[in-house]
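The values are calculated or read from the model by the stated rules, or taken from the named source; none is laboratory data. Keep in mind the model is a prediction, meaning the values are calculated, not measured. Heads up, the Cβs are rebuilt from the backbone with ideal geometry, glycines too, and the neighbour counts pull from every protein chain shown.
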Amino acid sequence: MTATGATREAIEAVWRIESGRLIGGLVRMVHDLGLAEDVAQEALVAALETWPTTGVPENLGAWLMATAKNRAIDQLRRRRMLDHKHGAIAAEAVAAGLPPRPDLETAIDDSVGDDLLRLVFIACHPILSLEARVALTLRLLGGLTTAEIARAFLVPEPTIAQRIVRAKRTLTEARVPFEVPRGDELAARIPAVLEVVYLIYNEGYAATRGDDWMRLDLCEDALRLGRVLAELVPEEAEVHGLIALMELHASRARARVTPSGEPILLLEQDRSRWDQLLIRRGLAALARAEALARPLGPYTLQAAIATCHARARTGDETDWARIVALYDALVELTGSPVVELNRAVAVAMAFGPAAGLALVDELVNEPALRGYHLLPSVRGDLLVKLGRLAEAGAEFEHAASLAQNTRERDLLRARALACTSSTSNPRGRS
């Protein structure tokens with residue numbers, strides 16, 4: 001790799017890490033999300049133009065911040081938003097119903113904790129659609145380009161660009177305050193933030209469409225966002241619960257696919273390949289969540305379920321009865337038909353496939369699961385275990401017709417073919 005190429009990689013890496021802090025600090029000062037992002041991007045362009053010649057500075061984040069600060073000052077001056085008469089500026093701000101602007105030179109150097117948290121709550125504001133929140137979060141806090149977000153979610157790039165533009169416009173028109181919510185309001189907004197992070201993680205862990213079953217870069221982005229959030233709101237139990245869930249699932253990543261990318265389901269995975277460091281981190285995060293809250297929230301309950309798998313040396317040693325009990329609590333808390341389907345799988349593992357199938361059959365006409373490929377997939381798996389291969393094959397074919405992910409579709413069709421060939425091939429779920 002050339003020196004220029006190495007420098008560019010360093011710039012891209014530091015941008016992923018520093019962009020949220022950078023934009024968050026600028027938003028606090030200019031009270032304009034679009035302007036803050038523009039100025040941050042100008043700093044990135046300056047780095048791309050300068051560092052290959054001058055070399056990478058010792059403190060990359062500080063260099064970007066100083067450059068962005070200077071660009072922000074220039075922008076504000078050009079827009080006549082900065083004047084030597086600070087009193088006049090303050091009066092204009094009060095007249096416009098805005099809080100007085102902090103001094104630009106000193107405010108940029110304030111603690112970044114609130115800056116990042118402010119940006120999290122802006123990007124994940126419930127006034128925006130979930131799709132817009134995801135795109136804006138990955139753009140502002142994940143440091144991803146529009147093209148990268150589009151590729152990750154297999155959506156046309158203009159669609160992502162429109163979502164981001166509309167999200168910024170919506171925030172501006174709604175006059176969303178550029179501040180961190182406090183007290184009860186902060187607690188009420190946390191679930192919307194966690195929903196975005198978890199959606200990003202899930203799309204990476206089990207891609208809904210495309211040719212790859214996993215997109216590890218999205219998993220890493222979600223984990224990084226979760227870890228940052230845990231530092232910013234350390235007393236929020238469900239933040240730690242979500243981190244625990246993501247860490248524990250991520251620990252299986254190396255064992256979930258073959259070298260050529262085919263899925264390996266949970267009970268067939270080589271558990272020696274599970275990442276023990278991530279398991280330990282997940283268990284520590286779960287302990288933190290459990291110490292902070294009773295009763296447990298939905299992410300913490302899911303992490304507790306993942307822990308049962310992480311602690312079992314083999315599939316046969318899994319404490320399925322405890323998993324059923326945890327799903328009981330999760331169903332009561334969420335009322336989610338998807339959770340009920342997962343509970344049926346656990347019941348089948350703990351008490352036999354007939355018991356699980358009876359529960360699945362109760363969900364067949366559930367409107368929320370219409371078109372959900374895992375419903376016929378689970379039903380087919382249980383029918384295989386009961387020796388009803390012809391019925392199972394039909395269920396797997398149905399599931400394959402609904403699946404949008406190429407790898408998953410191929411797996412389901414292979415299982416259908418195995419049933420047709422009268423070859424029983426029971427598998428667990430991943």
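Return yes or no: is ALA135 touching an Asp or Glu at 6+ places or on another chain (Cβ under 8 Å), hydrophobic (A, V, I, L, M, F, W, C) and at pLDDT 80 or above?
No, not satisfied.
Scan the stretch 47-77 for residues that are more than 30 Å from the chain's Cα centre (by Cα), hydrophobic (A, V, I, L, M, F, W, C) and under 16 Å from GLU9 (Cα atoms) and jot them down.
Answer for the stretch 47-77, where residues must be more than 30 Å from the chain's Cα centre (by Cα), hydrophobic (A, V, I, L, M, F, W, C) and under 16 Å from GLU9 (Cα atoms): TRP51, VAL56.
Can you find a residue that is under 23 Å from SER251 (Cβ atoms), crowded, with 22+ Cβ neighbours inside 10 Å and either of a type outside the set (S, T, N, Q) or modelled with pLDDT under 95 (or both) anywhere in the stretch 315-323?
Yes, there is a match, as at least one residue in the stretch 315-323 is under 23 Å from SER251 (Cβ atoms), crowded, with 22+ Cβ neighbours inside 10 Å and either of a type outside the set (S, T, N, Q) or modelled with pLDDT under 95 (or both).
Inside the stretch 182-240, can you point out the residues that are surrounded by fewer than 20 Cβ atoms within 10 Å (Cβ to Cβ), without any contact (Cβ under 8 Å) to a residue 40 or more places away in the chain and either touching a Gly at 6+ places or on another chain (Cβ under 6 Å) or at positive phi (or both)?
Within the stretch 182-240, just GLY183 meets the criteria.
Here's a check for you: in the stretch 147-174, which residue that is touching a residue at least 40 places away in the same chain (Cβ under 8 Å) and in a loop (DSSP other than H, G, I, E, B) is nearest to ILE127 (Cα to Cα)?
ALA174
Mind telling me which of the residues GLY5, GLY25 ends up being in a helix (DSSP H, G or I), at pLDDT below 75 and either surrounded by fewer than 22 Cβ atoms within 10 Å (Cβ to Cβ) or out of contact with any Lys or Arg (no Cβ under 6 Å at 6 or more places or on another chain) (or both)?
The conditions single out GLY5.
Out of everything in the stretch 292-304 that is in contact (Cβ under 8 Å) with a residue 24 or more places away in the chain and assigned to a helix (DSSP H, G or I), what residue ends up being surrounded by the most Cβ atoms within 10 Å (Cβ to Cβ)?
Once the filter is applied, the top-ranked residue is ALA303.
For the stretch 125-163, name all the residues that are surrounded by fewer than 20 Cβ atoms within 10 Å (Cβ to Cβ), within 19 Å of LEU22 (Cβ to Cβ) and of a type outside the set (D, E, K, R).
Correct list: THR145, THR146.
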